[in-house]
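First up is the structure itself, then whatever we jot down about it.
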Amino acid sequence: MQYRLTEYSHGAGCGCKLSPGVLSEILENRQDDFVFPNLLVGNETKDDAAVVALDDKTAIVSTTDFFMPIVDDPFDFGAIAATNAISDIYAMG
């Protein structure tokens, strides 16, 4: 059976994301009950990824994203998603 991934998409790529204004409104109402002393980069900077220190010399750059399929081939879509994630990490410097 052949599936067309794009038949499940209602938008295209970044067009499916929340607008920055809506995201800011959602994050504005969150409770800051938790303190993460190892968090070097978090929501407040609106960067492409978070950075968490593991020790004095090592940190993890973590990103998450979601977008609807923009191509039908699962392998190609995986490559596009991986490239998007790597570009977010690269953007962090």
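The values are calculated or read from the model by the stated rules, or taken from the named source; none is laboratory data. Just so you know, these numbers come straight off a predicted model, no measurement behind them. In this analysis, Cβ positions are derived from the backbone assuming ideal geometry, glycine residues included, and neighbour counts consider all displayed protein chains.
Annotations for the structure displayed:
- Conditions (1) of a type outside the set (Val, Ile, Thr); (2) modelled with pLDDT under 90; (3) not in a helix (DSSP H, G or I): number failed by residue 37: (2)
- Considering residues of the range 21-34 that are hydrophobic (A, V, I, L, M, F, W, C) and part of a helix (DSSP H, G or I) only, the residue nearest to residue 83 (Cα to Cα): 23
- Filtered residue count, the range 40-67, keeping only those that are out of contact with any Gly (no Cβ under 6 Å at 6 or more places or on another chain), under 30 Å from residue 3 (Cα atoms) and either part of a helix (DSSP H, G or I) or not polar (S, T, N, Q) (or both): 2
- Within the range 53-93, tally of residues that are in contact with a Pro (Cβ under 9 Å, 6 or more places away or on another chain) and within 15 Å of residue 41 (Cα to Cα): 1
- Inter-residue pairs, beta-carbon under 9 Å, first basic (Lys, Arg) and in the range 45-70, second exposed (fewer than 10 other Cβ atoms within 10 Å of the Cβ), 6+ apart: 46/20
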